[in-house]
């Protein structure tokens, strides 16, 4: 009892001491005064675990690292020591007296706040740098660069922006993500897909580096003047060698977080020159080819033909319209179908645009299709160009002649007769034979019932097959006869193939005769003799001549092994064997 009392007393004293210790939550800064080019470390430390940690806004500072979280929990001489820290790394964005506001956290249902910290930011100072310090290693060996193909483009001229991350030994990038992506305001933009980030060898400012192409975009400026490209910012986890080594002598790596940015870039967009600008210019910038294609040069009135305005090339293909087709009033023109086949790469938009016009002539005659003009600006040659399509003539026959006289009633009547013909819109299918689409459930379909009943049919077929195999396996005598019958046919075929080889021919013919008798007369191998064969065939009521013919064939097979035989003789014996077997088969 005494030992129990002492243990309880010790626990109560420890609990009282822990309660007396209280909760502590404070903010510690690495320095109170720093230059504009220096960094500040801020630690938010608590001695008990809490929830819902809320950092201050860090007004006047930019967060370049963190939050990094660390926890220390230990027991020393029966005393528990706990500490949890949130660490931020800041750089000032302005000079003067700045304040790091309060951070808050909830511990055991209570909200605790830190004391605000006063920081003085002075002019940039010259800081001696340790070549072995992590900050120096990262700053000197890590660069995020935005490579722009042209910083002074024309309006609607394509430019490319490629963001590349350069780094070199001893740095290694273990993780990274974009924390700020540029939106490219005032640009038509398209991001080129990068399936997988790859590390490649390259050079930066004449020195060897590893490089990762992080982002590729193609831009078309939509405004003139100075336009700003927002920066790309990356949050990276970097592995650095430390001053410590492991058991095997290898340097131990330490991780450091760093947010790196490519910085803002300015693009000075030039206006398109007014001098020499064609009246029909519609904003096309690039290099193009243009033509009008026609599918018929001769047709009947009320038939239709098609005119294709096709533009191919490299430029801002999706940012302008093709010119309109203008035709005589006697040609009925329908709204065009527009087609685009454009691929966007780092070279810009490439492909073709096409407007397909359906045209129906109402009167006979020869109709000229006037050329269509298309103008564009070539930024490489800094010059406007105008392309004209080919001129075509369409011969229309078989219809009324257009009347230009003042007899409007006659003219109207001719037009009405033409319009009311059945061939006016014969290119449109008037009887498409459409069928209503009735959506059926799967259980109402034929496939459902086939799948439902197929296992039953398969089971019945399997049972019948098993019974047949069992019946055949039980019939030992029948099985022996079937084998003999197959052998007789096999040897007869071998005899026919060996008509040029005496020994093989008569050997196969003799086997054919014996196996035939085994199959038909159920003669066992031990019972084979000529007398036995004569007796059995006679009992089967065969004619004497048929029995003698069969025996003669067997004797010929035996004698042929020791006497010469011609091809004619072998053919005669083969035909005789077929005749004898056929006759015996009929009688039996």
Tell me which of these residue 244 doesn't satisfy, since it passes every other one: (1) under 15 Å from residue 163 (Cα atoms); (2) assigned to a strand (DSSP E or B).
(1)
Any idea how many residues of the range 258-280 are more than 34 Å from the chain's Cα centre (by Cα) and surrounded by 17 or more Cβ atoms within 10 Å (Cβ to Cβ)?
3
Step by step: first the residues of the range 13-53, then only those that are exposed (fewer than 10 other Cβ atoms within 10 Å of the Cβ) and more than 60 Å from the chain's Cα centre (by Cα), then the one that is modelled with the highest pLDDT. Which residue is that?
19
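Let's see how each residue does on (1) within 14 Å of residue 302 (Cα to Cα); (2) at pLDDT 90 or above:
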| site | (1), (2) |
| --- | --- |
| 394 | yes, yes |
| 414 | yes, no |
| 419 | yes, no |
| 424 | yes, no |
| 427 | yes, no |
| 435 | no, no |
Just checking, how many residues over the range 281-300 are under 23 Å from residue 348 (Cβ atoms) and touching a strand residue (DSSP E or B) at 6+ places or on another chain (Cβ under 8 Å)?
10
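Go through the range 101-115 residue by residue and tally those that are surrounded by fewer than 13 Cβ atoms within 10 Å (Cβ to Cβ) and touching a strand residue (DSSP E or B) at 6+ places or on another chain (Cβ under 7 Å). Write out each step before concluding.
Step one: list which residues in the range 101-115 are surrounded by fewer than 13 Cβ atoms within 10 Å (Cβ to Cβ), which gives 108-111, 115.
Checking the rest, the ones that are also touching a strand residue (DSSP E or B) at 6+ places or on another chain (Cβ under 7 Å) come to 111, 115.
So the count comes out to 2.
If you check 537, 554, 542, which single one turns out to be modelled with pLDDT of 75 or more, surrounded by 12 or more Cβ atoms within 10 Å (Cβ to Cβ) and not in a helix (DSSP H, G or I)? Show your work before the answer.
Values: 537 fails: not in a helix (DSSP H, G or I); 554 fails: not in a helix (DSSP H, G or I).
Unique residue meeting the criteria: 542.
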Of the residues 326, 333, 396, 401, only one is over 41 Å from the mean Cα position of the chain (by Cα) and buried (at least 18 other Cβ atoms within 10 Å of the Cβ); which?
396
Looking at the range 168-192, which of the residues that are in contact (Cβ under 8 Å) with a residue 60 or more places away in the chain and in contact with a helix residue (DSSP H, G or I) (Cβ under 7 Å, 6 or more places away or on another chain) is farthest from residue 210 (Cα to Cα)?
188
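Can you go through 199, 161 and tell me which one is closer than 23 Å to residue 226 by Cβ and touching a strand residue (DSSP E or B) at 6+ places or on another chain (Cβ under 9 Å)? Talk me through it step by step, then tell me what you get.
On the way: 199 fails: closer than 23 Å to residue 226 by Cβ.
On inspection, the qualifying residue turns out to be 161.
The values are calculated or read from the model by the stated rules, or taken from the named source; none is laboratory data. Model, not experiment: these values are computed from the prediction. Counting neighbours? That spans all protein chains shown, and the Cβs are built from the backbone with ideal geometry, glycine included.
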